[in-house]
Amino acid sequence: MPKNKKLTKRLIVIVVLIIVAVVCLMPTGYYIEGAGTAENTSQYVKVDGKHDHQKGHFMLTTVGVRGPVTPLQLLLSKTQPFTEIESRDELMGNEDTEAYEQIQKYYMDSSINAAVEAAYKKADKAYHTKYLGVYVMSMLDNSTFKDDLAVGDTITAIDHHQFKNANAFVKYVQGLKVGQKVTVSYDHGQKHQTATHRLIKLPGTHHPGLGITLTDHSKIETDIPVKIDAGDIGGPSAGLMFTLQVYNQLTKQNLQKGRKIAGTGTMAADGTVGAIGGIDKKVLVASQEGATVFFAPNDPVTKAILKVDPDYQNNYTIAKNAAKKIHTKMKIVPVKTLDDALTIENSLKR
């Protein structure tokens, strides 16, 4: 074979290998959101120092996120049910990875608080709320505290003044002057620290501020000890299932009766169940893991919502459609409140 033909062949092989490498290995900047896991909640919950060892169990469900993925992974995702492709901005907004993870941790911590409060209130067991401080949700670029404070920190005091809620914190700061120096005490991880800087003028106002978005950070404390350690799971959507698990152990009712009962939904302290994202993916993984019952938030579809989005479907409707698509025998049960979920036997007759 002529020398130039051999060279041409080698070049073609090299180009093909480069293309294959790009398709298989080079990240695109996109993420794949699909079915995650369905996990026994008892492994995360201890009430009075004990896990629940009754037959059957409640299952929290998650959405799985992979990325940045390669072009090949993007193509393969098209063959999987209920998968979505999202850019980094769509997934995390303007936050970096660390800040995004801290916010997800805050949502989980708040969800656990609400779950414990709702369960103890329903079981008529003693509890009280301990206020920890102000949780930093985000920071302005021009904040003078940006090199000290970080998303996820808890501010416990300003100039040694402590507060019982975020509103009192804001009111105090607004009584100061733009440019005035203040000393902030805060918890960063396990460390207690302080920082002193000047207040800035908040955008669009004449009010002074630290340049942070904030919310209350509190913890529910109970006479009967309870511990929920969700590990690496973030977000608020396990609230309902954690509430059921805690209530079940407090009252020793054996609500699951040998069944695998999965579900999802946020939990408010008053027992209201809220909507979440990715419920079709959670139906899929719950069915794959052998659940026979799935609790789906039945959030109200109001005229105001339909005016903005005429095609809006609530969690329960999406879950029902997903169950039909995968031909599962798992029963999809609509829940608006904790009481709806607790009347399991009546729910299964619907």
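Within the shell of other residues whose beta carbon sits under 12 angstrom from the beta carbon of Lys260, the net charge comes to +2, with Lys and Arg scored +1 and Asp and Glu -1.
Largest first, the residues Arg259, Arg198 sort by 1.4 Å accessible area into Arg198, Arg259. Considering only Gln174, Leu76, Ala99, and ranking their Cα positions along the charge dipole of the chain that arises from unit charges at the beta-carbon of Lys, Arg, Asp and Glu, the one farthest toward the positive end is Leu76. Counting charges near Thr292 (Lys, Arg +1; Asp, Glu -1) among other residues having Cβ under 12 Å from its Cβ returns a value of +4. Taken along the Cα-to-beta-carbon direction at a fixed 7 Å, the label points for Val308 and Lys201 span 3.2 nm. Between Leu76 and His192, the distance separating the two model label sites (each 7 Å from Cα on the Cα→Cβ line) works out to 5.0 nm. When nucleic acids and ligands are ignored and a 1.4 Å probe is applied, Tyr172 ends up with an accessible area of around 60 Å².
Calculated FRET efficiency, Lys324 to Tyr131, Cβ-Cβ distance, R0 = 41 Å: about 0.35 to the nearest 0.05. Within the set of other residues whose C-beta is less than 14 Å from the C-beta of Phe163, count the net charge using Lys and Arg as +1 and Asp and Glu as -1. Local charge sum for Phe163: +1. Ignoring lysines fewer than eight residues from Lys164 along the same chain, the ones with Cα atoms less than 26 angstrom from its Cα are Lys105, Lys121, Lys122, Lys125, Lys130, Lys146, Lys177, Lys181, Lys191, Lys201, Lys219, Lys227. Only protein heavy atoms count here; under a 1.4 Å probe, Ile233 has an accessible surface of about 40 Å². Put the Cα centre of region 182-225 next to the Cα centre of region 135-168 and the gap is 2 Å. The mean accessible area for residues of region 84-225, using a 1.4 Å probe and ignoring ligands and nucleic acids, is 57 Å² per residue.
Computed in the context of the full set of protein chains, the accessible area of the chain at 1.4 Å probe radius has 53% of its extent on carbon or sulfur. For region 64-140, trypsin sites (Lys or Arg not before Pro) meeting the loop criterion (DSSP other than H, G, I, E, B) and having at most 10 other Cβ atoms within 10 Å: Lys78.
The values are calculated or read from the model by the stated rules, or taken from the named source; none is laboratory data. Please read all numbers here as calculations on a predicted model, not as lab measurements. Virtual Cβ from ideal backbone geometry, glycine too; neighbours counted across all protein chains shown. Please note that ligands, DNA and RNA were not included when accessible areas were found on the heavy atoms of the full protein model with its side chains. Shrake-Rupley method; radii C 1.70, N 1.55, O 1.52, S 1.80 Å.
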